[in-house]
1. Give me a single rounded figure for A:117-124: the average over its residues of other chain Cβ atoms within 10 Å of their Cβ.
2. So what's the angle, to the nearest 10 degrees on a 0 to 90 scale, between helix B:110-126 and the longest Cα principal axis of chain B?
3. At what distance in nm do the modelled label points of B:GLU241 and B:GLU170 sit from each other, each positioned 7 Å from its Cα along Cα→Cβ?
4. Over the Cα atoms of region B:181-275, compute the convex hull volume and normalise it per residue, giving Å³.
5. I need B:HIS89, B:HIS49 ordered by Cβ neighbour count within 10 Å, fewest first.
6. Going by a ≥ b ≥ c, the root eigenvalues of the Cα gyration tensor, does region B:52-274 fall in the rounded group (a/c under 1.5), the prolate group (a/b larger than b/c) or the oblate group?
7. At A:THR98 and B:GLU254, where each label point lies 7 Å from the Cα along Cα→Cβ, what is the point-to-point distance in nanometres?
8. Distance between Cα centroids, region A:79-139 to region A:23-70: provide it in whole Å.
Amino acid sequence: MRTLVATAGGAALFTGLAWAGTREAESCLRAKVWEGYADGWGVRTLTATELASGKTRNYVVNLFKGNQYKIQTCGDDHVTNLDVLLYDQAGTVLARDTTTDRQPVVEFTPTETGSYYVVLYARELAKPEAGVAMAVVYK
Amino acid sequence: MFTVAVALLIACGGAETPEPTPAPAPVAPATPETPTLTPEELKGSAENHTLVPSPVETQNALKAAGIETKLGSLIPERQFDLKQSDLDHIAIRTGVILSDMLLTVTTSEKPVLVDRLKSIRTGLASINGGPDIDAQLLNTIDRVTADAVTRDELLKEFDELSGAVIPELEFNGNARVVPLIQAGSWLGGANLVAKAVKEKGNPEGASSLLKQPAVVKYFLKYVKTEGAEKAPAQVTQKLDESLTTLDGLASKAEPFVAADIDKVIQVTDDVLALL
């Protein structure tokens, strides 16, 4: 089941009805993505999900050498500390946030084209589960 | 050990007892511990719908590689049936047109742009995209027709539609649709990148853009999956062959040479001709 909502950019967009937290996180992130367009950032992907405390969610992304990337996130009100990390295929952390908030960001400029892993980590939640959203933007 | 010894000497020497030092306030470590994830765990648990680069992102990377070509100028005229065919076929075709539209949105003539928007709307309706996206596309077509939206605004809207909205649609629960739309966009984009590289005579520059084994394997998985809505064997077989060839090329250790670029053009042309 999907519904139509308006974003900060004025475009009609769609979001899942399944869970208010996911919707809140997604809405927060869409606004950030639209703000980024003013600085030349395009959106490659945006996705939202639920995450349990202490758990991770992993996404594989193919990134191009020569482009700049930013991994933006938003957690809902129940997220106290969300982490975002970027791993290479060998499992080495290439970039990570060091903040203790619910909207961490990392920037990364690959020196090689290839597959990388974006990891969202629910380090501290006020409830057992919360909604989180992640976007990969580029320029 | 030395510290302990000194502390004991001071204590035994009858020195004044220092004021107890207040416990330091907790400070977040500069580098907090990271989740321990092995390469196998990362690979095994990763979601892959975020894997595929967008056409505009690919064009940016092409420019960064020193190949200054507007991919949109290489797009041929396409005549696709977006109503009567099987769902797989329409999904791939819709992806190709979406890629064409994104690469030309700021430069194409209004009638061409409106035609592409109408084709995307028809394609998405045929594969059960749902009434909301249909209404959004109709609204977009109206605004373009009335010159009520700038091309830059339109690029933003469709960049987001392609990267963030369509992948979240459910298509009546048909899980193959999103990857096949992405496959269409990627194949169309790879075809144009290879042609641009050939035009500029810079095969090595394209190596990093066209060598994407993980992307090719992701598409192959869906092409090989059986389903009631599957495209005719002729199409899936050709798609399978082409992706397998691209997978082989992507696995080459050496940089691409002119013959490799010709191969990419040939196999992607073959698939696109069948659509």
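1. Values: counts 7, 3, 6, 1, 4, 0, 3, 0.
Partner Cβ neighbours, averaged per residue: 3.
2. Compared with the principal axis, the helix lies near 80 degrees.
3. 3.9 nm
4. Numbers: hull volume 7.7 nm³, N = 95.
Cα convex hull per residue, to the nearest whole number: 81 Å³.
5. Working: B:HIS89 25, B:HIS49 16.
Final ranking by Cβ density, sparse to dense: B:HIS49, B:HIS89.
6. On the way: a/c = 1.98, a/b = 1.22, b/c = 1.62.
Verdict is oblate for region B:52-274.
7. Rounded to a tenth, the inter-label distance reads 4.5 nm.
8. 9 Å
Each value in this text was obtained by applying a stated rule to the coordinates, not by laboratory testing. Remember, it's a predicted structure, so these values are computed and weren't measured experimentally. Reconstructed Cβ throughout: ideal geometry from the backbone, glycine too, with neighbour counts over all protein chains shown.
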